[in-house]
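Take a look at the structure below.
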Amino acid sequence: MEKLEDIIFYNMDKAIKSYRMYAQKKLKEHGFKITIDQWLIIKTIMENPNIAQQEIAKNVFKDNASVTRIIEILVKSGYLERKINPDDRRKSNLVVTEEGKSIIIKVQDLVLENRKNALNTIKNEELETMNLALKKIISNCS
């Protein structure tokens, strides 16, 4: 029977979780009071204005209930605002506030530094091969 550390999907999951823990630790060390998931949701809304909450959940790999809770925190923190949808008053649009845009900009340099540190000893050719293989896995499972 194969060992866990020999299973590629185990290692992919472990790598992602290790990186997220590392990145969250760095955010905290630099005094940012935002989580990786909160950053991802703000960034998703900035890049996709008027995106539906179900699409946000799909983009950040979270269930709708988790996204709802995170959005509520972001609204209370002043990073997001709810605006009434002019086409359907039963719906609201999420808008990134100036404070939300500011935190994304402030965190961006740290995000780039975290990625650089995580990929430190990996050659570009290895990254290209890994990225291609991951895209194939995604395609095979879609």
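The values are calculated or read from the model by the stated rules, or taken from the named source; none is laboratory data. Just so you know, these numbers come straight off a predicted model, no measurement behind them. Counting neighbours? That spans all protein chains shown, and the Cβs are built from the backbone with ideal geometry, glycine included. Note: accessible area is taken over every heavy atom of the protein model, side chains too, but ligands, DNA and RNA are not part of it. Shrake-Rupley method; radii C 1.70, N 1.55, O 1.52, S 1.80 Å.
Please calculate how many Å² of accessible area the chain carries per residue, with a 1.4 Å probe and no DNA, RNA or ligand atoms counted. List each step's numbers first, then the result.
On the way: 10620 Å² over 142 residues.
In whole numbers, the chain has 75 Å² accessible per residue.
The calculated Kirkwood hydrodynamic radius for the chain is 17.3 Å, given to one decimal from all distinct C-alpha pairs.
Annotation: lysines with alpha-carbon distance below 20 angstrom to Lys101 (same-chain offsets under eight excluded): Lys26, Lys28, Lys33, Lys43, Lys76, Lys83. Taking amide H atoms as placed 1.01 Å from N in the peptide plane, the amide H of Tyr79 has no partner under 5 Å among residues 5 or more positions away or on other chains.
The helix-based estimate of mean residue ellipticity at 222 nm for the chain, built from -39,500 (n - 2.57) per DSSP H run of four or more residues and divided by its residue count, is -22000 deg cm²/dmol to the nearest 500. Modelled label positions at Ser102 and Ala15, each set 7 Å beyond Cα in the direction of Cβ, lie 3.8 nm from each other.
Near the amide H of Ser92, within less than 5 Å, lie the amide hydrogens of Asn85, all on another chain or at least 5 residues away, with H placed in the peptide plane.
Across Ile16, Ile42, Ile34, mean-square fluctuation computed from a Gaussian network of the chain (C-alpha pairs under 10 Å connected) peaks at Ile16.
Using θ = phi - 60° in the Karplus curve 6.51 cos²θ - 1.76 cosθ + 1.60, the 3J(HN,Hα) couplings for the stretch 92-100 round to 10, 9, 8, 10, 6, 7, 4, 5, x Hz; x is entered for Gly and Pro. Would you give the gap between the C-alpha center of the stretch 79-142 and the C-alpha center of the stretch 38-54, rounded to a whole Å? Between the Cα centres of the stretch 79-142 and the stretch 38-54 lies a distance of 9 Å.
Apolar share of the accessible surface for the chain: 55 percent from carbon plus sulfur atoms, 1.4 Å probe.
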